[in-house]
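Participant: Sharing a structure here in structure tokens format.
The values are calculated or read from the model by the stated rules, or taken from the named source; none is laboratory data. Predicted, not measured: the structure shown is a model, and the values here were computed from it. Every residue, glycine as well, gets a Cβ built from its backbone with ideal geometry; the counts of neighbours run over all protein chains shown.
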2 protein chains.
Amino acid sequence: MRTSREMRLISRPVERMPSDDDVKMIKVVVPDPAAGQVVVRNLFMSIDPGSLLRMRDLSKVDIPNFEVGAPMWSDAVGEVVESAAAGLSPGDIVWHRYGWRDYVVADASHFHQVDPALYPSLSHHLSFGLTAYVGLHVAKVRQGETFFVSSAAGGVGTMAGQVARLCGASRVIGSTGTPDKARYLRESLGFDVAFDYHDGIRQHLPDDLDVYFDNAGGSHLEAAIDALRPHGRAVLCGGVEEIRSGEPRAPRNILSVIGKRLKLQGFYTFDHPDLFPRFAEEFPRWVRRGEVVIAETIVDGLENGLTAVLNLLRGRYLGKVVLRI
Amino acid sequence: MRTSREMRLISRPVERMPSDDDVKMIKVVVPDPAAGQVVVRNLFMSIDPGSLLRMRDLSKVDIPNFEVGAPMWSDAVGEVVESAAAGLSPGDIVWHRYGWRDYVVADASHFHQVDPALYPSLSHHLSFGLTAYVGLHVAKVRQGETFFVSSAAGGVGTMAGQVARLCGASRVIGSTGTPDKARYLRESLGFDVAFDYHDGIRQHLPDDLDVYFDNAGGSHLEAAIDALRPHGRAVLCGGVEEIRSGEPRAPRNILSVIGKRLKLQGFYTFDHPDLFPRFAEEFPRWVRRGEVVIAETIVDGLENGLTAVLNLLRGRYLGKVVLRI
């Protein structure tokens with residue numbers, strides 16, 4: 001009899017950071033698959049700020065929440081270990097959204113088979129680069145533009161800077177939280193400018209920025225609004241400054257959005273499924289050719305998942321953070 | 001020999017409200033028109049918040065400023081009194097951008113002849129409705145949508161609410177600064193909901209607002225971000241709350257722009273000349289048929305122009321404010 005650990009949400013940390021008291025690791029029996037179902041053993045799952053937000057309350061914004069008392073979920077990659085469905089066999093590698101557990105049993109239609117040879121590591125199937133790709137399409141980055149991304153050494157930022165270059169950006173600028181990460185961005189990922197934001201932001205930005213990819217909000221968004229040229233665009237993807245401080249971090253120069261006719265646009269990756277086939281075609285090729293370098297941090301153990309989310313928000317990691325299960 | 005009064009900017013009120021010390025009324029001799037020029041006597045000019053902004057410093061945002069020492073300017077309607085140009089004759093009515101003076105002499109190409117029969121009053125040729133029209137096109141208001149406009153009893157707001165209805169909005173909501181104006185919006189302009197914002201904003205808004213037309217910024221923008229549905233849009237046209245208070249008024253819920261994938265877009269009417277011919281065809285017809293009611297306040301005397309701008313910003317008027325010269 002197979003057993004599986006799964007992480008359940010016990011209470012919602014709505015206006016505070018979560019702690020171990022908000023989650024509980026439960027051991028459950030893995031049932032046999034019914035007709036049409038498969039059993040998948042998870043190998044990797046994505047650690048991202050979304051997990052924190054889904055622990056809180058997203059009901060107002062039309063994005064699904066974790067349910068209190070139910071297992072949490074997230075992007076994951078696993079191996080089929082038992083199948084009662086046509087089309088999937090033991091040994092197949094699948095992408096799905098049932099992270100935060102060792103095993104999952106569900107209808108085969110919930111799993112998407114991937115080609116393990118596509119990327120150097122199975123973890124890379126965790127939609128590496130997809131959010132950056134979608135954001136750059138929403139921002140419509142064009143040939144010759146100047147591009148700035150905050151949290152540039154994170155999972156989204158490392159990709160956004162490199163993909164912006166491939167979209168034609170002629171100058172790529174990134175902010176991050178340590179001098180070491182800034183050096184990595186310049187030396188390993190080809191950023192033209194990368195800096196530690198603790199030293200200030202504005203002096204590193206030109207005054208004719210075309211596009212800002214916002215993962216930080218707060219002082220970053222304010223500095224970027226000042227730096228954007230008339231008709232410049234910002235795509236809003238994350239607000240780690242506010243999440244970290246627990247306080248609203250409002251840009252005080254919102255009138256410049258009118259004066260400069262800026263466009264600020266929030267986006268959510270899964271609103272743009274039309275882009276996924278193009279991404280699936282382009283991105284692996286970029287990785288294979290070395291045009292995109294994957295930066296990744298692997299953390300071990302389901303029991304360390306929540307800590308990894310918190311450390312991610314504290315800026316402790318480099319690149320995309322993956323939990324090995 | 002003809003003389004003309006003109007209002008010149010003497011000093012820039014950059015971080016304060018302007019006073020009479022910032023402007024000076026000068027009497028100048030009106031020269032004879034050179035070949036290709038006409039002499040125009042101004043009849044009406046537009047009073048709008050833009051005059052305040054042009055007294056300050058717009059150099060960073062690619063919108064022309066008033067020059068210190070030179071006459072101010074704004075949209076105006078006048079009558080040709082002398083012509084040395086083909087195509088314009090004494091008695092012709094023209095629209096132009098040489099307000100803040102009694103007479104102007106310039107090349108005939110700077111004046112656009114209008115049909116005086118088009119509107120009930122010559123003042124209505126001062127681009128009444130144009131900013132609202134452009135903003136609604138930028139916002140792409142569609143059939144059946146819920147629409148909210150702030151400063152709804154102002155020159156832009158009165159038009160935006162009515163034109164939104166003509167664009168198909170099924171519910172039109174406006175905020176204003178007195179109960180009397182709110183009643184006027186409901187009873188004379190057909191707003192479904194209109195309220196005095198001093199009583200609070202949020203409780204008057206639905207939680208599935210489609211479009212917000214922002215003339216106020218600050219607490220209005222914050223309330224609207226909370227009220228917008230996922231994928232809702234805001235067009236940012238003005239920030240009278242901040243202009244009035246002299247302090248930055250930042251919306252504290254900017255993270256909701258991400259969560260709800262909102263689009264916030266600043267716009268400037270004269271970036272959209274492609275819409276002007278359509279406006280020129282549609283708008284006079286709406287007025288003629290009574291589908292759009294024009295709300296207008298006329299102030300007399302060039303010497304009162306600056307006071308009128310300040311009173312406008314204080315919310316003292318109803319509808320579009322026009323200076324009769």
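Participant: I'd like to know if the stretch A:49-70 contains one or more residues that are surrounded by fewer than 18 Cβ atoms within 10 Å (Cβ to Cβ), over 23 Å from the mean Cα position of the chain (by Cα) and of a type in the set (G, A, S).
Facilitator: yes
Participant: Output the residues belonging to the stretch A:33-63 that are part of a helix (DSSP H, G or I), among the β-branched types (V, I, T) and farther than 20 Å from B:L262 by Cα.
Facilitator: Those that are part of a helix (DSSP H, G or I), among the β-branched types (V, I, T) and farther than 20 Å from B:L262 by Cα: none in the stretch A:33-63.
Participant: Is one or more of the residues making up the stretch A:8-15 surrounded by 21 or more Cβ atoms within 10 Å (Cβ to Cβ), in contact with a Phe, Trp or Tyr (Cβ under 6 Å, 6 or more places away or on another chain) and in contact (Cβ under 8 Å) with a residue 12 or more places away in the chain?
Facilitator: The answer is yes, given that some residue of the stretch A:8-15 is surrounded by 21 or more Cβ atoms within 10 Å (Cβ to Cβ), in contact with a Phe, Trp or Tyr (Cβ under 6 Å, 6 or more places away or on another chain) and in contact (Cβ under 8 Å) with a residue 12 or more places away in the chain.
Participant: Residue check: is B:R261 within 17 Å of the chain's Cα centre (by Cα) and within 28 Å of A:A234 (Cα to Cα)?
Facilitator: no
Participant: Here's a follow-up. Would you say A:F270 is within 12 Å of another protein chain (Cβ to nearest Cβ), farther than 26 Å from A:R316 by Cβ, among the hydrophobic types (A, V, I, L, M, F, W, C) and under 20 Å from the mean Cα position of the chain (by Cα)?
Facilitator: Values: within 12 Å of another protein chain (Cβ to nearest Cβ): yes; farther than 26 Å from A:R316 by Cβ: yes; among the hydrophobic types (A, V, I, L, M, F, W, C): yes; under 20 Å from the mean Cα position of the chain (by Cα): yes.
So A:F270 fits the description; yes.
Participant: Are there any pairs with C-beta distances below 7 angstrom linking a residue in the stretch B:53-82 that is free of Cβ contacts under 8 Å to residues at least 24 places away in the same chain and within 14 Å of chain A (Cβ to nearest Cβ) to a residue that is of a type in the set (D, E) and surrounded by fewer than 16 Cβ atoms within 10 Å (Cβ to Cβ), with the two at least 6 apart or on different chains, and if so which?
Facilitator: Filtered contacts from the stretch B:53-82: B:N65/B:D57.
Participant: Can you tell me which of A:D192, A:D214, A:D208, A:D199 is surrounded by fewer than 23 Cβ atoms within 10 Å (Cβ to Cβ), acidic (D, E) and within 25 Å of the chain's Cα centre (by Cα)?
Facilitator: Values: A:D214 fails: surrounded by fewer than 23 Cβ atoms within 10 Å (Cβ to Cβ); A:D208 fails: within 25 Å of the chain's Cα centre (by Cα); A:D199 fails: within 25 Å of the chain's Cα centre (by Cα).
Only one candidate qualifies: A:D192.
Participant: Right, here's the next one. With the requirement that a residue be in contact with a Gly (Cβ under 7 Å, 6 or more places away or on another chain) and surrounded by fewer than 24 Cβ atoms within 10 Å (Cβ to Cβ), what does the stretch B:163-173 give you?
Facilitator: Those that are in contact with a Gly (Cβ under 7 Å, 6 or more places away or on another chain) and surrounded by fewer than 24 Cβ atoms within 10 Å (Cβ to Cβ): B:R165, B:G168, B:S170.
Participant: Considering only the stretch A:175-185, I want to know if a residue exists there that is surrounded by 24 or more Cβ atoms within 10 Å (Cβ to Cβ), closer than 25 Å to A:E247 by Cα and away from chain B (no Cβ under 14 Å).
Facilitator: Yes, some residue in the stretch A:175-185 is surrounded by 24 or more Cβ atoms within 10 Å (Cβ to Cβ), closer than 25 Å to A:E247 by Cα and away from chain B (no Cβ under 14 Å).
Participant: Does A:S19 qualify as being surrounded by fewer than 21 Cβ atoms within 10 Å (Cβ to Cβ), within 14 Å of chain B (Cβ to nearest Cβ) and under 20 Å from A:I243 (Cα atoms)?
Facilitator: no
Participant: Of the conditions (1) on the phi > 0 side of the Ramachandran plot; (2) not assigned by TED's automatic domain parsing to the domain that holds A:Y317, A:W100 satisfies every one except a single condition; which number is it?
Facilitator: Among (1) on the phi > 0 side of the Ramachandran plot; (2) not assigned by TED's automatic domain parsing to the domain that holds A:Y317, the lone unmet condition for A:W100 is (2).
Participant: A follow-up question, please. Condition first: closer than 30 Å to A:G218 by Cβ, crowded, with 20+ Cβ neighbours inside 10 Å and of a type in the set (S, T, Y). Can you find one or more residues in the stretch A:94-104 that meet it?
Facilitator: Scanning the stretch A:94-104, I find no residue that is closer than 30 Å to A:G218 by Cβ, crowded, with 20+ Cβ neighbours inside 10 Å and of a type in the set (S, T, Y), so the answer is no.
Participant: Follow-up question, since we're still on this one. Is there any pair linking a residue in the stretch B:27-39 that is of a type outside the set (G, A, S) to one that is loosely packed, with under 15 Cβ neighbours inside 10 Å, with Cβ under 7 Å and at least six apart or on different chains, and which?
Facilitator: So the pair list comes out as B:K27/B:T3; B:V28/B:T3; B:V29/B:M1; B:V29/B:T3; B:V30/B:T3; B:Q37/B:D107.
Participant: From the list A:V61, A:V81, A:V77, A:V39, pick out the single residue that is more than 30 Å from B:A227 (Cα to Cα) and either touching a helix residue (DSSP H, G or I) at 6+ places or on another chain (Cβ under 9 Å) or of a type in the set (F, W, Y) (or both).
Facilitator: A:V77
Participant: Sticking with this one: Tell me which residues, restricted to the stretch A:188-208, are part of a loop (DSSP other than H, G, I, E, B), in contact with a Lys or Arg (Cβ under 6 Å, 6 or more places away or on another chain) and away from chain B (no Cβ under 14 Å). Before the answer, list the steps.
Facilitator: To start, the set of residues in the stretch A:188-208 that are part of a loop (DSSP other than H, G, I, E, B) comprises A:190-192, A:200-201, A:205-208.
Filter once more, so that each one left must be in contact with a Lys or Arg (Cβ under 6 Å, 6 or more places away or on another chain): A:192, A:208.
The answer is A:D192, and nothing else.
Participant: Identify, please: which residue in the stretch A:210-267 is touching a Cys at 6+ places or on another chain (Cβ under 9 Å) and within 7 Å of another protein chain (Cβ to nearest Cβ) and is, among those, nearest to A:I63 (Cα to Cα)?
Facilitator: Looking at the filtered set, the residue picked out is A:F267.
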